[in-house]
1. Quick one: putting +1 on the C-beta of Lys and Arg, -1 on the C-beta of Asp and Glu, what dipole do you get for the range 109-315 around its Cα centre, in Debye to the nearest 20?
2. With all pairs of different alpha carbon atoms counted, what Kirkwood hydrodynamic radius in Å does the range 109-315 show?
3. At what distance in angstrom do the alpha carbon centres of the range 233-249 and the range 168-189 lie from each other?
4. Beyond a 23 Å Cα-Cα separation, which of these cross-linked pairs lie in this structure: Lys103/Lys272; Lys103/Lys192; Lys116/Lys241?
5. Only Lys, Arg, Asp and Glu count, each charged at its Cβ (+1, +1, -1, -1), so figure out the dipole size of the range 237-316 about its Cα centre, rounded to 20 debye.
6. Along Cα→Cβ, 7 Å out, is where each label goes; now give me the distance between the ones at Asp288 and Glu195 in nm to one decimal.
7. Would you work out which of Thr143, Leu311, Ala163 lies farthest towards the positive end of the dipole of the range 109-315? Charges go on Cβ: Lys and Arg +1, Asp and Glu -1.
8. Set Lys and Arg Cβ to +1 and Asp and Glu Cβ to -1, take the dipole of the range 109-315 about its Cα centre, and tell me which of Ile133, Ala295, Tyr248 lies farthest positive.
Amino acid sequence: MNHKHQTLILVGIILISTYVVGQFSSGQPVIDETKGIEQEMQDTLIAPDTSLALVEYDVLDDTTSVEKSLVPFEKESDTTSCRASARIAHVENLSTGNVAYTKNAFIRWPIASITKLMSATIADDLLSATSTITVTQEMIERTEGYASFDAGETYSVTGLIAAMLVFSSNDAAFALANEVGEDVFVAAMNTKAQELGMSETRFSEPSGLSYLNQSTAQDVVKLLSYLYRQKPELIDYTRTKRVYLEEYESGRRFTFSNINSFAGQRNFLGGKTGFIDESGGNLVTLFDTSKGPIAVIVFSSPDRFKDISTLRSCYE
């Protein structure tokens, strides 16, 4: 090989090396597509990949959006004890909009029975509170073995809404949706989500049993804020320790206890639990504090009540 060819090869190597180095120093984020995080943000709803390596980001200040805060930031105070074990967590003041803590709050995730907060909203919008609905065997069969009622029992719309929110009745959700037609009902759920600016939220059915019901912690805060301000009676249901329902035909009264361990506690304004295998333990809560109402949310938590207690005590 002559000197001319050697020189050309050397120049080529230098140019290629300069290009590669420039790509890694250009400041552009490098997306590892194998982690699937980018795909989670697309319109196509997918089963969650529990192997995702989700990353925690603290908010730099009250005006910095989470999406743009791609550099981990430690607060001046020691917040190590305030870390949530949940894969997704978010703490936000509803009065000021200030975000005290956030962890992957932009990731779309199956929300399970938190879906029922929107189902209650639509039922309250579309149905008369005093009208009655009869539970059918078909509704019970769709609960996957977790039915709350017997076929043929009749309850008021108000009673079924309470059943959904207090003890997370799936057959109540199907009964309410069926009254106007489930397709119409679910379409209204998605329309309301868009009206509230919940751009990363999609619903496929009213109970939350399907993993296709997905949202983000950031979106769910918008729903909680709407309910807190516009439909406080629905939030009030979720804070009660128990609810009494009267079956319309027989007049029998049934007592159901709230499955949320925060129910009845001082300063607890309300919230909703959610769990399916694909989502893990989800929990959204509202607490009254000296700084105003705060929303504390965790998705995919190994101990959701502990996570909520930890975040609440650190940031209220």
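Read the figures in this text as sums done on the coordinates, not as results from a lab. Only a predicted model underlies this, so the values are computations on that prediction, with no experimental measurement involved. We place every Cβ from the backbone using ideal geometry, glycine too, and count neighbours over all the protein chains shown.
1. The dipole magnitude comes to about 1120 debye.
2. Roughly 16.9 Å, rounded to one decimal.
3. 18
4. Among Lys103/Lys272; Lys103/Lys192; Lys116/Lys241, the Cα-Cα distance tops 23 Å for Lys103/Lys192.
5. So the magnitude is around 360 debye.
6. For Asp288 paired with Glu195, the spin-label model returns 2.8 nm.
7. It is Leu311.
8. Ala295
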